[in-house]
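The structure appears below as structure tokens.
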Amino acid sequence: MDDILDASIAQIATQIRKREISPVELIEATLEKIDQCEPQLNAFITVFREESLESARRVEAEIGNGKDLGPLHGMPIALKDIIYVEGTRSTAGSNFFSDESPQFNAALVAKLRAAGAIIIGKTNLHEFAFGVTTENPHFGATANPWDTARVPGGSSGGSAAAVVVGCCAGALGSDTGGSIRIPAAVCGHVGLKPTFGRISVHGVLALAQSLDTVGPMCRYVHDVALMMNCLAGYDSRDVHSENQPVPDYTDGLEQPVRGRRTGIPKQHFFENVDPEVERIVGEAVKVLEGLGVEIVELDLPSAPAGHEVTLTLLTAEAGEFHQERLAAHRGDYGVDVRELLEDGLALSATDYVKAVRVREIVRREFSQAFEEVDCILSPTAPIAAPLRSTHDLSGGSESNRIRPRLTRNTRLINLLGLPSISVPCGFVQVENSDSEVGLPVGLQITGPWWSEKTLLQVAHAYERATPWHTMNVKRDTFSIDN
């Protein structure tokens, strides 16, 4: 059954409808894969074992009776554990909510279930989604599937690890400063951060409300497009939701990209990048150029300033959200998250206002740039996956040391609310790694507001022209007996 767990959502859906595999067999195989991988990966906080099997039996009956809800019907989907599922705990990676159960479903959970998806479980994350390593002091660290001594990125590291090894057909993560795209890059899958307001965050625990987004994480670009068809749309319950037209993201996905104009920034995005990562991303740019994409240099002089003020807004908004809880229960937070929240609370209103002013300057600069190009290319993360911490996580981790480097090319995109996708573009060899093929590298493709369809077309064209999406983690890496 490993082959089916490597297949795309569309391929699995076809096999289900041809009766080559049943939804129950699919869920049983997925649960078996979770059991096999979890001792080493620790990707899940909660697995909905009985609920998933019950749902699979219902789906099997529905499809047998001619009811077809589309390609997600019967697909096992994992959710980052800040997304509310009625009657089940949503921990946010914290002890504060470990015994609490929300009384309603997040908007996107309702959409997934309406499409027939099966929620297989809730994935591990950096505490309160505020970090890049998914080294959680309360639920343990998640490992990178390519090298379990390394981090899977964060904060959506559990979702990333689960996707890569086949513990779900797709997953949802959140992205406030790079938390979908960083794990996608260092774990080697596709992750889309949508335009701010494209997907409802109603029922998703906040980190920084002017930056928070939720998006799909899958092995293939087409799967991301399928999930976007389910998730995108206006929701009046989300104050930041925008009532914009929703296209069919799969329509025209395979059309040629010849004639597209793509920008390479002169400033910031290619600075302080590992030389091998830069080389691999450069080769990816050449592949797109070979497909007929025109490459132009872009002048974005305010990008460094925008990068810096993003952290001001993020920590200030997160500090405000946690202020009362932090004052009453300071010692119950992990050290790294507590430090960031206290940094946020130490900021002044003047600091915040200055950051908002810089955001408007940078927004205008990028808006002008997108009059010249359809999208912007860069490395997603400037480095490959760092090593995990070797000491007791309750005493703190190295997350805050690693964070500035891993978020260098992602958090500015959140500042502006732009859509951005990370797609695998190669492997880099590093010292002291157990991975035979190296560690994954991601190509970040960023576009103007509401341009997700264009980004998916460019990413899909690149994916079809390269072999990286076909590479799988070694089967014997994970074993129940290990």
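Classify the range 328-468 as rounded, prolate or oblate, taking a ≥ b ≥ c as the square roots of the eigenvalues of its Cα gyration tensor: rounded when a/c is under 1.5, otherwise prolate if a/b is larger than b/c and oblate if not.
oblate
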Radius 11 Å from Cβ of residue 441, net charge of other residues (Lys, Arg +1; Asp, Glu -1): -3
Shape box of the range 310-374 [Cα atoms, principal axes, largest first, Å]: 50, 26, 14
Estimated distance in nm for a label pair at residue 19 and residue 50, the labels positioned 7 Å out from Cα along Cα-to-Cβ: 3.2 nm
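Relative contact order for the chain: what is it in percent, counting Cα pairs under 8 Å that are at least 6 residues apart? Each step should come with its number before you reach the end.
Values: 1110 pairs, mean separation 83.5, N = 482.
Worked out over the chain, it gives 17 percent.
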Cα→Cβ-extended label distance, 7 Å offset, between residue 328 and residue 471, nm: 4.9 nm
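When the chain is fully extended, how far beyond the present Cα-Cα distance does residue 283 get from residue 62, taking 0.36 nm per residue of separation?
Values: separation 221, 0.36 × 221 = 79.56 nm, distance 4.69 nm.
Full extension from residue 283 to residue 62 adds 74.9 nm.
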Cα shape, the range 101-173, gyration tensor, a/c 1.5 rule: oblate
If the convex hull is drawn through the Cα atoms of the chain, its volume per residue in Å³: 133 Å³
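Name the trypsin sites (Lys or Arg not before Pro) in the range 5-42 that are in a loop by DSSP and that have at most 11 other C-beta atoms within 10 Å, would you? Write down the numbers at each step before the final one.
On the way: sites: 17, 18, 19, 33; in loops: 18, 19.
Here the sparse-neighbourhood loop sites are 18, 19.
Hey, got a sec? Which GluC sites (Glu not before Pro) in the range 79-151 land in a DSSP loop and have at most 15 other Cβ atoms within 10 Å? Please report the intermediate quantities before stating the final value.
Numbers: sites: 86, 100, 127, 135; in loops: 86, 100.
Filter output for the range 79-151: 86, 100.
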Shape metrics for the range 261-323, restricted to C-alpha atoms - Rg then Dmax, Å: 16.5, 52
Relative contact order computed over the range 108-227 (Cα-Cα under 8 Å; 6+ residues apart), in percent: 22 percent
Within the range 1-157, percent of DSSP bridges classed antiparallel, to nearest 5: 55 percent
22 Å Cα-Cα threshold exceeded, pairs from 18/122; 80/354; 80/193; 266/354: 18/122; 80/354; 266/354
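Which value, in Å², gives the accessible area per residue of the chain when a 1.4 Å probe is used on the protein heavy atoms? Mind showing how you got there, number by number?
Details: 17640 Å² over 482 residues.
In whole numbers, the chain has 37 Å² accessible per residue.
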Net charge of neighbours whose Cβ lies under 11 Å from the Cβ of residue 267, counting Lys and Arg as +1 and Asp and Glu as -1: -3
The range 241-282-the range 64-80 distance, computed between alpha-carbon centres (Å): 30 Å
Three-way shape label, the range 256-411, alpha-carbon gyration tensor, a/c 1.5: oblate
Centroid-to-centroid separation of the range 307-347 and the range 1-57 [C-alpha atoms, Å]: 38 Å
Contact order normalised by residue count of the range 342-426, Cα under 8 Å, 6+ apart, percent: 32 percent
Fraction of antiparallel bridges per DSSP, the chain only, in percent to nearest 5: 65 percent
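The values are calculated or read from the model by the stated rules, or taken from the named source; none is laboratory data. Given the structure is predicted, the values throughout are model-derived calculations rather than measurements. Every residue, glycine as well, gets a Cβ built from its backbone with ideal geometry; the counts of neighbours run over all protein chains shown. Note: areas computed on protein heavy atoms with side chains; ligands, DNA, RNA excluded. Shrake-Rupley method; radii C 1.70, N 1.55, O 1.52, S 1.80 Å.
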